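Q: Below you'll find the structure I mean.
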Amino acid sequence: MLFRASPLVYFLGAGVIGMLSVILVNGEFACPGNWSMFADSCLTVTRAGYIGDGATAGCAAIGGNLAVPRNPEENEFARLLPVPGQPVWIGCRRIAVEVYPCTDGDIAVQYGNWDPYMFGESYCVYMLNGTWADADCEDEPLRPALCRRAPLPKTPDTGNCGKTLQRWSLLAARLTGHVLREIRAPSLKPCVLACEAEPQCRSVNFISDRMTAVAGAICQLNNATRFDADADALAFAPALGNPLCVYGEK
């Protein structure tokens, strides 16, 4: 099998504490609409579903290209975009048995997080809960697609939802003892935006397990960050744990 995944290790400062990713929207660029920024590009999952052969056109229809996570951190970020348990098409395609080159626009992607038990006989590739596997390109069920586009130059009407998103650090953790209120959210992005719209919100806990695909994950809006709370208030969790716990702060 090509492109075997390496172990997931994240760093924050000098400590290994399970850092997932950083969403950054600076004063010059922002992502439109339902797109979420990771590093220097915008990612989203299409609302419509497609057969595998239709995924590329589906991304093009909303101004993007069929994407492939390029590293473990981006794979974790992309895993949080769809509703939990929803498979999404990604930009890999079989050219020979167990040979699946992956391209993201014009970029050849060497990273992969392949299911070790996949047969390697179908031509299209989807991601489910962060793991990649093959599927027939023409058969149902229809699946949404993971798409990428470049961010837009920021204007007064771009990226201005409630407060301006500045910087969010996401950790595989949960802050205890500081919950303002609790809501349901289908994915991480609505949870973050709910915090942006709440004046007293300083951070969030996003808690998802295999039973939340219908009702939505738990989104806890916190009135403090880990820097305001006691040292033992932040409980770290496995990055691939169930339930998945993500702590985010501005």
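Q: Does the range 69-86 contain any residue that is outside the structural domain of Ile218 (by TED's automatic domain parsing) and touching a Cys at 6+ places or on another chain (Cβ under 7 Å)?
A: So far as the range 69-86 goes, no, none of its residues is outside the structural domain of Ile218 (by TED's automatic domain parsing) and touching a Cys at 6+ places or on another chain (Cβ under 7 Å).
Q: Anything in the range 123-156 that is surrounded by fewer than 18 Cβ atoms within 10 Å (Cβ to Cβ), outside any strand (DSSP E or B) and either among the hydroxyl-bearing types (Ser, Thr, Tyr) or under 17 Å from the mean Cα position of the chain (by Cα) (or both)? List them, or say none.
A: Tyr123, Asn129, Ala150, Thr155
Q: Of the residues Phe77, Phe3, which is within 13 Å of the chain's Cα centre (by Cα) and modelled with pLDDT under 95?
A: Phe77
Q: Among the residues of the range 48-73, write down those that are within 16 Å of Pro87 (Cα to Cα) and assigned to a loop (DSSP other than H, G, I, E, B).
A: Of everything in the range 48-73, those that are within 16 Å of Pro87 (Cα to Cα) and assigned to a loop (DSSP other than H, G, I, E, B) turn out to be Ala48, Gly49, Ile51, Ala67, Val68, Pro69.
Q: Further, regarding this structure: Output the residues belonging to the range 74-102 that are of a type in the set (Lys, Arg) and not in a loop (DSSP other than H, G, I, E, B).
A: Arg79, Arg93
Q: Any residue that is touching a helix residue (DSSP H, G or I) at 6+ places or on another chain (Cβ under 8 Å), closer than 24 Å to Leu43 by Cα, of a type outside the set (Val, Ile, Thr) and at pLDDT below 85 - is there at least one of those in the range 241-248?
A: no
Q: Oh, and also: Which one of Ala48, Ala67, Ala96 is farther than 20 Å from Gly130 by Cβ and in contact with a helix residue (DSSP H, G or I) (Cβ under 9 Å, 6 or more places away or on another chain)?
A: Ala48
Q: Please go through the range 80-104 and pick out each residue that is within 25 Å of Leu152 (Cβ to Cβ) and surrounded by 16 or more Cβ atoms within 10 Å (Cβ to Cβ).
A: Leu80, Leu81, Pro82, Val88, Trp89, Ile90, Gly91, Asp104
The values are calculated or read from the model by the stated rules, or taken from the named source; none is laboratory data. Since this is a predicted model, take the numbers as computed values, not measurements. We place every Cβ from the backbone using ideal geometry, glycine too, and count neighbours over all the protein chains shown.
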